[in-house]
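What follows draws every value from the coordinates through simple rules; no lab data is involved. Predicted, not measured: the structure shown is a model, and the values here were computed from it. Heads up, the Cβs are rebuilt from the backbone with ideal geometry, glycines too, and the neighbour counts pull from every protein chain shown.
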Amino acid sequence: MSIKKEFVFTTNDKKSIKIYKDDVISFLQKLPTDSVDVIVTDPAYSGMNNKLKLGAGRIVGTYKDKGKDSSRWFSEFEDTQENYILFLTECKRVLKKDTGHIYIMFDSYSLLSLGAIVRDYFDVKNLITWDKVNLGMGHYFRRRHEYIVFATNGNTRKIKHRSFPDVWRFKRIHNAKYPTQKPVEVFQAMIHASSEENFTICDPFLGSGSSAIASIKNNCNFIGCDVSDKSLEISSKRIEDYIKTNKDILQPKSSSVEEKVFWE
Ligand SMILES: C[S@@+](CC[C@H](N)C(=O)[O-])C[C@H]1O[C@@H](n2cnc3c(N)ncnc32)[C@H](O)[C@@H]1O
């Protein structure tokens, strides 16, 4: 049985949370120009896996093949420069001019190959380090961090406070139900710094829905998509449950190692 392509929820505070099964580019192309206040996203970086031969990429086409032969259309974002440019072009179009903020997550490899392109589209303000506290994999030095590029679409809007650090310590999620699940606090930090109540947050690489839960916690509207059935299945259940019970079934405990998160 295939999963529904669209889920719409209303939170107890009357915010709308909409998630779609769609490809990142086709989804962004459907959104109106100047309609999103903040983009927070953690793209699929398949290129790194291919280069390092860490996993089997599922790439079977490129964006320019779209529509020509559907059997060649890929189900995973191919992070070539060409596709990344398409992605950033659409992000820039949907993000509000002068006030829009964008946060894009990068591992070390994708930061070196694609990170610099962000400057052609946005004003890059910070390179934030997410310290995952515990060691991960690695053939040489073992990986313990990821990067987040923070940029603005024009120059007029600041973040909420000047006291926030650019190193964030949140424990990685172990035994996650969705393989690339990130701590909700990572997205909460972005959204807290950059949003006001009623803002619309967008994440076109939704995964387990951590960014949607963070948006609900910050009293914002949310719109997002993912190409995978599994993502929609897991994130829709998670969002529905969170709205009903105020409990996060995929992350019952805070990932913060400090007594208080830095924005409290
Ligand atoms: C790194 S994961 C995001 C994880 C998410 N931040 C979380 O906390 O669970 C990247 C996601 O991008 C999705 N994805 C891959 N190719 C895509 C595409 N072409 N369009 C939209 N989503 C895509 C994958 O299915 C995966 O869920």
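For the reader, a short list of remarks on this structure follows.
- Contour minus Cα-Cα distance for Lys14 and Lys244 (0.36 nm per residue): 81.5 nm
- Environment charge of Lys247, counting only residues whose C-beta is closer than 14 Å and scoring Lys/Arg +1, Asp/Glu -1: +2
- A straight line joining the Cα centroids of segment 224-238 and segment 78-155 runs 22 Å.
- Summing +1 for each Lys or Arg and -1 for each Asp or Glu among the other residues whose beta-carbon sits under 13 angstrom from that of Thr152 gives +4.
- Dipole of the chain, positive direction: furthest Cα of Ser211, Pro252, Ser46, with charges on the beta-carbon: Pro252
- Using only the C-alpha atoms, the convex hull of segment 81-145 corresponds to 104 Å³ per residue.
- Within segment 124-232, the GluC sites (Glu not before Pro) that combine a DSSP coil assignment with at most 11 other C-beta atoms in a 10 angstrom radius are Glu197.
- Gained length - Arg119 relative to Glu82, 0.36 nm times residue gap less alpha-carbon distance: 11.8 nm
- DSSP bridge orientation in the chain - percent antiparallel, rounded to nearest 5: 50 percent
- Under the combined filter of DSSP loop state and at most 14 neighbouring Cβ atoms within 10 Å, segment 216-264 retains these trypsin sites (Lys or Arg not before Pro): Lys247, Lys253, Lys260.
- Computed about the Cα centre, the dipole magnitude for segment 6-231 is approximately 520 debye when only Lys and Arg (+1) and Asp and Glu (-1) carry charge, each at its Cβ.
- Relative frequency of Cα-Cα separations exceeding 28 Å in segment 127-264, percent: 17 percent
- Viscosity 0.692 mPa s, 37 °C: Kirkwood-radius Stokes-Einstein D of segment 6-231 over Cα pairs, µm²/s: 183 µm²/s
- The stretch between Asp229 and Arg162, if pulled fully straight at 0.36 nm per residue, gains 20.1 nm over its current Cα-Cα span.
- Amide H partners (placed H, <5 Å) of Glu76, local residues excluded: Val60
- Distant-in-sequence amide H partners of Arg143 (H built 1.01 Å from N, under 5 Å): Gly136, Met137, Gly138
- Taking 0.692 mPa s as the viscosity and 37 °C as the temperature, the Stokes-Einstein diffusion coefficient of segment 78-187 based on its alpha-carbon Kirkwood radius rounds to 213 µm²/s.
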